[in-house]
Amino acid sequence: MKKVVLAYSGGLDTSCIVRWLKDKGYQVICFVADLGQGLGKGEDLDAIEERAEAAGASEVYIKDLQDEFVEDFCMPALKANAIYEGKYLLATALGRPLIAKHLVQIAHKEKADAIAHGCTGKGNDQVRFEVTAGILDSKLEVLAPVRIWEFKSREEEIEYAKAHSIPIDVSKKKPYSIDRNIWGVSIEAGVLEDLDVEPPDDAYLITKSPSHMSSYPKYLDIYFEKGVPKKIDGKSQKLKNLISYLNEVGGAHGVGRVDSVENRLVGIKSREIYEAPAATILHLAHKDLESVVLDRELAHFKEIVTLKYSELIYFGLWYAPLKKALDGFIEATQSQVTGSIRVKLSKGSCSVVGRKSTHSLYKKELSTYGKGDKFDQKLAEGFIKLWGLPYKK
Ligand code: ARG
């Protein structure tokens, strides 16, 4: 019997996949990755495990990967200021290579022949899973049942689940397709497919709408060390907790919503809305701190790297050689990115209102228009003459 390790979410699709693969002659091992999607909140982990087993899994692995996710995936993205097409903070895209890495590890441990995922043939996630797996172990087979199976609708899947006594809660009609982790929520499908429709309030999961958000602004002091957030309001916090806290306060102030039409890797455009309160606040604060401590040439060149780095993440090339090489550059840019940024959260917006750093390259005595000016304005004349010389010629 061939063995396969499946990335299992506990939902309808992956539960049907367990049984479907079993019917095709596979022994199915399920892997549930906890990236902070709220596992164990709405539903206990035992229920997920039981469902996998009821569907036919021979074994279920559940791993809490939140620390690894924020430290080894979200932080490099933050240091790089990685945002796809200027809008998407890449929560889903960052999670895929990590899940794939663990799928491959479990496959090795279990001496499995293949790994499997529940992605459709139209999205980016299938690419991310399969390219990552291919880089980590080119011999492992990858199965993507949703691309080839016979079910044409959710209803048909529900029928199949019922017929095979897979305990699925179908009471909640899912109007959207949602992917969630601690770095953010991605929401698509349903009415969102109409570009001209404003996302209804019920589409958002973790951010408050204007009518419900706090009317008092909230100030936060975020301290970074070499590009990584370490303290909030002077209190050291474990990274995962710091991010959860920012999701909570940011969400209460309606911060971090994005409505975007993006270019997928597979060539189509799609409309997706995102919620990422913590990532939004941290990206804004981090970039602002860089504006204080990085010199102009480095800052401007880094923008070019940022663009490429964001694409690599979105395109599923986390483990590609270029990404690794750029990591060396990004890491080098962060040596001075230490200091505090004060942000103000208010009515859906987040803005930087204060900065402090011992590595600051801002020198008031050079910039001031007031007393104590040490800038020698006479030098400007010669500078302009030489710098503008080519254009005068
Ligand atoms: N468009 C995003 C990406 O490619 C999110 C994909 C998953 N979205 C979802 N709602 N299930 O990374």
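The values are calculated or read from the model by the stated rules, or taken from the named source; none is laboratory data. Because the structure is predicted, anything quoted here is derived from the model rather than measured. Cβ coordinates were reconstructed from backbone atoms using ideal geometry, including for glycine residues, and neighbour counts include every protein chain displayed. Protein only, heavy atoms only, side chains kept; ligands, DNA and RNA dropped before computing areas. Shrake-Rupley method; radii C 1.70, N 1.55, O 1.52, S 1.80 Å.
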(request) Determine whether Ala116 is touching a strand residue (DSSP E or B) at 6+ places or on another chain (Cβ under 7 Å) and within 12 Å of the ligand (Cβ to nearest atom). (result) no
(message) Of everything in segment 70-101, what is surrounded by fewer than 22 Cβ atoms within 10 Å (Cβ to Cβ) and in contact with a Lys or Arg (Cβ under 6 Å, 6 or more places away or on another chain)? Give them in sequence order.
(response) Asn81
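State all residues of segment 203-222 that are of a type outside the set (Ser, Thr, Tyr), out of contact with any Phe, Trp or Tyr (no Cβ under 8 Å at 6 or more places or on another chain) and within 15 Å of the ligand (Cβ to nearest atom); if no residue qualifies, say none. Walk me through it before giving the result.
Applying the first criterion (of a type outside the set (Ser, Thr, Tyr)) to segment 203-222 yields 203, 205-206, 208, 210, 212-213, 217-218, 220-222.
Within this subset, residues satisfying the condition of being out of contact with any Phe, Trp or Tyr (no Cβ under 8 Å at 6 or more places or on another chain) are 205-206, 208, 210, 212-213, 217-218, 220-222.
Passing the criteria: Leu205, Ile206.
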(message) For segment 237-277, which positions are open to solvent by 30 Å² or more (accessible area, probe 1.4 Å), touching a strand residue (DSSP E or B) at 6+ places or on another chain (Cβ under 7 Å) and farther than 24 Å from Ser346 by Cα?
(response) Val261, Asn263, Arg264, Lys269
(request) Mind listing just one residue for me: the one in segment 123-160 that is surrounded by fewer than 21 Cβ atoms within 10 Å (Cβ to Cβ) and of a type in the set (Ser, Thr, Tyr) and, of those, farthest from the chain's Cα centre (by Cα)? (result) Tyr160
(message) Cβ-Cβ under 7 Å, sequence separation 6+ or interchain: first residue in segment 17-31 and closer than 19 Å to Ile62 by Cα, partner acidic (Asp, Glu) and modelled with pLDDT of 95 or more. Which pairs?
(response) Ile29/Glu59; Ile29/Glu110
(request) State the number of residues belonging to segment 185-224 that are hydroxyl-bearing (Ser, Thr, Tyr) and open to solvent by 90 Å² or more (accessible area, probe 1.4 Å). (result) 3
(message) Just to be sure before I move on: is Val305 within 24 Å of Glu225 (Cβ to Cβ), part of a helix (DSSP H, G or I), more than 16 Å from the ligand (Cβ to nearest atom) and touching a Gly at 6+ places or on another chain (Cβ under 9 Å) in the structure I sent?
(response) no
(request) Run down Val104, Val70, Val4 and say which single residue is out of contact with any Pro (no Cβ under 6 Å at 6 or more places or on another chain) and without any contact (Cβ under 8 Å) to a residue 60 or more places away in the chain. (result) Val104
(message) Considering only residues that are open to solvent by less than 30 Å² (accessible area, probe 1.4 Å) and more than 16 Å from the ligand (Cβ to nearest atom), which ones fall in segment 161-184?
(response) Ala161, Ile166
